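Structure, as structure tokens:
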Amino acid sequence: MLKICNVSKSFNGVKILDGVSIDVEAHSVVGLAGPSGSGKSTLLRCTQKLETPDGGAIEYDCKVGFMFQDFQLFPHMTVLQNLVYAPALKAGPDKRKQCIDKARSILKDLGMEGKALEYPRTLSGGQKQRAALARSLMIDPDALLCDEPTSGLDIATITDVVTLLQSVNKLGVTIVAASHDLDFLTQISDKIALLRGGKIVTEINPKQREDPIGYLKGYYG
């Protein structure tokens, strides 16, 4: 479904990605682990075409959504307006009601129906995460790229995020999630690729290892 082949990327002469290759199968969940600066977020941004690789290729023929680490919700818009803004612009004024109905349906599915008319500043971290996920789902993505989806969240909220993403995956959406949280990644992933120094140094199926977190930590150095 998504093929990353020998991708490299540098910033100001510093190589962030150094010949990264990974295959993502349809309907799977792939985790990207590794220490800060290992290239996880850069790889996601290159996949979403927010950054241009210096070399290599990223191939996919599907619709891809992106969840930003800092949510990037418009502070002057309600949750509902955040969801509808871009799709309504693209669809045109005659489709605005259809976009609103779709947004309300997604918010209901994510337990956010009562927050539709609230502004981001009134939401908790977990609620902002759900709003960001809802906005990503507005485009009916075949694949969803998640950059540090549990950053700054407490344990209870992280559990909610795990459940949410598992539900999205069961709908047929492929997920690639970059995270420093190994416990989160081992709960949700079918495969985890660990990056270090811009390279993938190991790949595992966490469900087939007795101590996947301990194994992965051994590669952090």
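Only the coordinates and a few stated rules stand behind these numbers; no lab work does. Given the structure is predicted, the values throughout are model-derived calculations rather than measurements. No Cβ is skipped: glycine too gets one built from the backbone with ideal geometry, and neighbour counts run over all protein chains shown.
Please tell me the relative contact order of region 134-211 in percent, rounded to the nearest whole number, where contacts are Cα pairs under 8 Å and at least six residues apart.
Relative contact order of region 134-211: 27 percent.
Can you give me the convex hull volume of the Cα atoms of region 28-106, divided per residue and expressed in Å³?
Expressed per residue, the convex hull around the Cα atoms of region 28-106 is 159 Å³.
Rounding to the nearest 10 and keeping the result within 0 to 90°, find how far the Cα-based axis of helix 125-137 lies from the longest principal axis of the chain.
90 degrees
Can you tell me how much longer the chain between His76 and Lys63 gets when fully stretched, taken as 0.36 nm per residue apart minus their C-alpha distance, in nm with one decimal?
Result: 1.9 nm gained on full extension.
Just to confirm a number: summing +1 for Lys and Arg and -1 for Asp and Glu over residues other than Leu171 whose beta-carbon lies under 13 angstrom from that of Leu171, what do you get?
-2
What is the local net charge at Leu153, summed over the other residues whose Cβ is closer than 13 Å to its Cβ (Lys, Arg +1; Asp, Glu -1)?
Taking every Cβ under 13 Å from that of Leu153, the sum is -4.
How large is log10 I(q)/I(0) at q = 0.13 Å⁻¹ when the Debye formula is applied to the Cα atoms of the chain, each weighted equally and without solvent?
Values, matching the q order: -0.76.
What size of dipole, in debye to the nearest 20, comes out for the chain about its Cα centre when the only charges are +1 on Lys and Arg C-beta atoms and -1 on Asp and Glu C-beta atoms?
Around 540 debye, computed over the chain.
I'd like the antiparallel share, as a percent to the nearest 5, of DSSP beta bridges with both residues in the chain.
Restricted to the chain, the bridges split so that about 50 percent are antiparallel.
With a cut-off of 8 Å between alpha carbons and a minimum separation of six or more residues, what is the relative contact order of the chain in percent?
The normalised contact order for the chain reaches 30 percent.
Sorted by packing (mean other beta-carbon atoms within 10 Å per residue), highest first, where do 56-66, 179-189 land?
Descending packing order for the listed peptides: 179-189, 56-66.
Kirkwood Rh, Cα Rg: Rg to Rh for region 49-160?
Result for region 49-160 is an Rg/Rh of 1.00.
In percent, how large is the relative contact order of region 1-68, given Cα pairs closer than 8 Å and 6 or more residues apart?
42 percent.
Can you give the net charge of the other residues whose Cβ lies under 14 Å from the Cβ of Pro206, counting K and R as +1 and D and E as -1?
-2
Can you flag which of Lys108/Lys170; Lys40/Lys170; Lys63/Lys90; Lys49/Lys95; Lys3/Lys49; Lys63/Lys170 are past 19 Å Cα-Cα?
Lys40/Lys170; Lys49/Lys95
For region 168-193 and region 8-54, what is the separation of their C-alpha centers, rounded to whole Å?
15 Å
For labels at Asp54 and Asp211 in the simple 7 Å Cα→Cβ model, what's the distance in nm?
Placing both labels 7 Å beyond Cα along the Cβ direction yields 3.8 nm.
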